[in-house]
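Enquirer: Please read through the structure below; I'll follow up with questions.
Every read-out reported here was derived from the displayed coordinates using simple, explicitly stated rules and does not represent laboratory data. Just so it is clear, the model here is predicted, and its values are computed rather than measured. Neighbour counts are summed over all protein chains in view; Cβ atoms, including those assigned to glycine, are modelled from backbone coordinates with ideal geometry.
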């Protein structure tokens with residue numbers, strides 16, 4: 001089927017959301033040759049009068065055989081109005097009823113369910129076109145407008161135009177993405193014991209693995225899969241034969257839980273066990289490997305110390321079970337600024353910059369320029385300044401390409417204040433503790449008796465290299481030095497080890513070395 005609308009704005013704003021439907025249908029039971037679809041009508045996300053908080057995608061058309069026999073197809077997809085999750089299965093499942101005759105007054109010939117496979121949906125997304133546009137910019141803007149309305153998640157997963165609205169900058173200009181050098185993904189939603197629904201996205205590059213990739217705080221799994229660099233970690237591991245699983249846990253800015261009040265304990269106790277269990281059940285593997293970064297590494301360490309099973313080896317990027325921070329962050333932690341903000345009613349902190357330039361936003365941006373951070377290169381990006389203010393200098397500017405620096409709004413977003421509170425507690429303790437400050441994790445260091453490689457940028461100003469050094473030394477002392485390794489990456493900071501322009505040459509080979517060995 002081809003869906004056609006003469007006016008995107010009308011398609012989106014009109015309550016009936018109608019468009020034309022043309023094409024063919026193959027149904028051997030009805031006709032040996034393809035049936036021609038005529039007088040077809042499509043409706044996009046209309047309200048279901050029979051169910052609360054439910055939208056319908058409706059397909060109605062006549063079907064005529066070469067012999068002149070006429071049937072009528074009535075089909076619908078039922079989309080529950082819930083944030084993010086059900087949209088995947090809902091928009092790929094079509095319930096159909098076929099009537100004998102030109103309308104629904106005739107007898108029912110049959111009913112059925114049509115499922116769209118992942119690869120077919122991937123192709124479908126690439127066929128969306130904006131016509132009657134004056135230039136490329138207008139064409140991209142039109143596709144972005146439709147993409148924002150339809151569902152950013154589908155556009156994000158399958159590429160094409162990155163047009164989803166972000167908490168970070170909803171008015172950011174759309175851009176054309178390069179296609180990733182991977183096959184079609186499988187999306188697996190799963191629930192934790194505390195009833196939080198999370199996401200795993202699988203890219204099966206071969207028989208190695210499975211390997212789980214876990215992001216940090218205020219970002220998402222896109223950090224491993226961004227097209228902003230020449231080769232991302234997903235593409236690198238995929239090309240080397242790995243079954244890669246991108247984990248979006250409750251801190252992911254792609255999920256609705258990023259602004260809710262939870263702590264690192266919740267990620268460690270609930271998210272990690274559920275994620276590992278899901279991967280093992282789907283793949284049938286006995287164990288998994290993990291590549292974990294920053295908050296993902298910290299919570300992974302906590303999960304292992306809490307008794308996480310099913311992980312045979314790991315690569316920890318930038319942090320382990322101990323925390324050593326730059327003086328500015330130590331001062332923040334010492335002054336309990338996180339608790340102070342929480343007492344004022346602040347629920348979340350964001351890198352969002354107000355596209356409408358309110359006076360308050362301008363004042364904020366100007367104040368951030370005075371924040372005492374020395375860059376090796378001048379930077380005038382308000383987005384970049386906010387990232388530094390909320391966390392620390394997360395990267396060496398010299399390790400980013402211009403495209404990444406210009407589009408940081410795609411990669412960063414919001415984080416709840418409760419996470420900063422817990423980070424403050426752990427920073428003051430110098431190690432992983434629960435949100436009450438109790439030393440419940442490190443007494444069980446024997447539970448981390450698996451091969452682990454630590455990777456740390458020598459110029460990391462978020463978590464100083466002493467963080468992984470202390471953990472490495474403790475593990476070697478308690479569990480045996482033969483299990484552990486540690487690599488310092490010269491001239492790298494924090495997250496540039498993940499999406500730096502040359503990370504595929506300077507960092508990824510070290511990760512691959514450990515994964516291949518274990």
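Enquirer: To make sure I understand, if each residue's beta carbon is the centre and we count other beta carbons within 10 Å, what order do 41, 482 fall in, fewest to most?
Expert: 482, 41
Enquirer: Can you compute the label reach from residue 488? Point 7 Å from Cα along the Cβ direction, backbone N cut-off under 19 Å, restricted to the stretch 434-466.
Expert: Within reach of a label on residue 488, which here means backbone N under 19 Å from a point 7 Å along Cα→Cβ, the stretch 434-466 contributes 453-466.
Enquirer: Treat each spin label as a single point 7 Å out from the Cα along the C-beta direction, and report the residue 389 to residue 148 distance in nm.
Expert: Each label point lies 7 Å from its Cα, and together they span 2.4 nm.
Enquirer: Grab the beta carbon distance between residue 440 and residue 47, set R0 = 45 Å, and tell me the FRET efficiency rounded to 0.05.
Expert: Working from the Cβ atoms, E equals 0.35.
Enquirer: Please arrange 272, 115 by how many other C-beta atoms lie within 10 Å of their C-beta, fewest to most.
Expert: Values: 272 27, 115 9.
So the residues, fewest neighbours to most, are 115, 272.
Enquirer: Additional query: Please give the contour-minus-distance gain from residue 104 to residue 478: 0.36 nm per residue of separation, less the Cα-Cα distance, rounded to one decimal in nm.
Expert: On the way: separation 374, 0.36 × 374 = 134.64 nm, distance 7.37 nm.
Going from the current span to full extension adds 127.3 nm.
Enquirer: So, R0 is 30 Å and r is the distance between the beta-carbons of residue 70 and residue 18; what FRET efficiency does that work out to, to 0.05?
Expert: Details: r = 22 Å, r/R0 = 0.74.
Result of the calculation: an efficiency of 0.85.
Enquirer: Given a Förster distance of 56 angstrom, what is the FRET efficiency for residue 121 paired with residue 449, based on the Cβ-Cβ distance and rounded to 0.05?
Expert: On the way: r = 43 Å, r/R0 = 0.76.
With R0 = 56 Å, the Cβ-Cβ based efficiency is 0.85.
Enquirer: Over the stretch 2-116, what lengths in whole Å, largest first, do the semi-axes of the equivalent ellipsoid take, defined as the square roots of 5 times the eigenvalues of the alpha-carbon gyration tensor? Can you show the working numbers first?
Expert: Numbers: eigenvalues 136, 53, 32 Å².
Ellipsoid semi-axes (Å, largest first): 26, 16, 13.
Enquirer: Another question, then. Any idea how far apart residue 34 and residue 114 come out in nm if each label point goes 7 Å out from Cα toward Cβ?
Expert: In this crude label model, residue 34 to residue 114 measures out at 1.2 nm.
Enquirer: With each label point set 7 Å from Cα along the Cα-Cβ vector, what nm distance links residue 195 and residue 398?
Expert: 5.3
Enquirer: Hey, another quick one. Hey, quick one: spin label on residue 136, modelled 7 Å out along Cα-Cβ, who in the stretch 200-232 has an amide N within reach, i.e. under 14 Å?
Expert: Counting only backbone N, you get no residues.
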